[in-house]
Every structure is written in structure tokens, then in C-alpha cells.
Amino acid sequence: MLLLPLFLACAHPSPSPVSGVVAPSSSAATSTPTPSASAEEALAPRPFPSAALAAGIPQGTKIRLGIEQAGQPTVEQRWEFTKCTADAATIASKVYDTNGTLLTDEGEATTPWTELEKHASFPAAATTRTDDTIDGPLGHLDTWLYTVTVPGDDGIMLVKRYEFSKTMPGPPVLFTTERQGEEIFRMTMLERSTPSK
């Protein structure tokens, strides 16, 4: 079963079924230890603080993600932010095939913005952050490119690239993983909409 991609795609050394992307959930939020000061210092700067996430993702925001993984059928993940407060976001997630058929209704999970901020935690020693631009389904975007090089379960190095739009707080608009020069995973933001005020 495909896991709901982590809101901001954490760079774990061991890839999950969606290559290092984990589900945002209230249980995960409560079990995650608070990083110590020294641990925080060992992290690369995060793309968005929790306040920017809360301000930049209003209730009713919808996101569609195309997910391609080596050896697996291409699927589409759809998120809807069904409730957003100053403290937390509730995200409903469903997975569809390329024909639009519902495969999995993953339900809703509520996670504090402070935890969602931490999901974009990358080890400083393994990470480079550069200014970049990309062209994709959302148009031409100015981004921060995080390149994270970490060992996989088998010890072979994985190169993970996360493109975060500078003007759209939230998950990366593009996330890829390469193993020995071959792309084995790609997550592309296909659409992002917010309710009209």
C-alpha cells in the first residue's frame, strides 16, 4: 500500500515505498522527539518556518502529486487541507491510478505546523542548498534546490533532489531520487489550488 507522502519529504537514509517520503500523522507527530540544540545545528536551513506554512496554506487548499517509482505503476496522490488552524493542519489523502480510478482512501490526519516544518529536516553535512528555477505543470518557478546524498538500505548512495518553490510554502514541487545515476523515484506537483477569498 502506498504511504501518504510526508508533507515536506524528509530525507531519511532508508527509502520507504515512496523513497524516503513518510506519512504525516498525529501519531507520528507525538512520537517524534524534539531535536536538541546540537541536533538542530547539524541540520541544513529549512525552506519554511511553521508560521510561513500556516499563513501560506489556507483551509481548502488542494494539491495533486504525480508519483513515479521504478517497478511500480504511476499513481496520483491528492491532498485536501480540510481544516487549518494557527496550530495545525488536517490533510485528507486519496490515491488514484492514471485513469482517475480511486485506489486508496487514506483518510485524514492532523499534524501541528511545527511538526510539518521539521519534516524538511536534512543533515547539513550531506546537503547542499542552491537557488534554482524549474519549468513544470505549475509554470516557471524560482526554487531552492536541496541536494541530499545519503546511503540507502544496501549502503549504495542515493542522491535526493527537492525543489521548493520560494513563493509557495509547503511540499516540494519536484522531488527525485537517483541511485547509481539512475532515477528510481519522481514526485511532481501537478496542481495546487487555494479557495477564493
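The ranking of 91, 156 by Cβ neighbour count inside 10 Å, starting from the fewest, reads 156, 91. Here the range 101-160 was treated as a single set of alpha-carbon atoms; its pair distances binned every 5 Å from 0 give 4, 12, 13, 14, 17, 21, 16, 3, 0 percent. Computed with the Debye formula from one identical point scatterer per Cα of the range 47-163, without solvent, the log10 of I(q)/I(0) at q = 0.16 Å⁻¹ comes to -1.07.
Coordinate-derived values only; no laboratory data. In this text, all values refer to a predicted model and were calculated from it rather than measured experimentally. All Cβ positions, glycine included, derive from the backbone under ideal geometry; neighbour counts span all protein chains shown.
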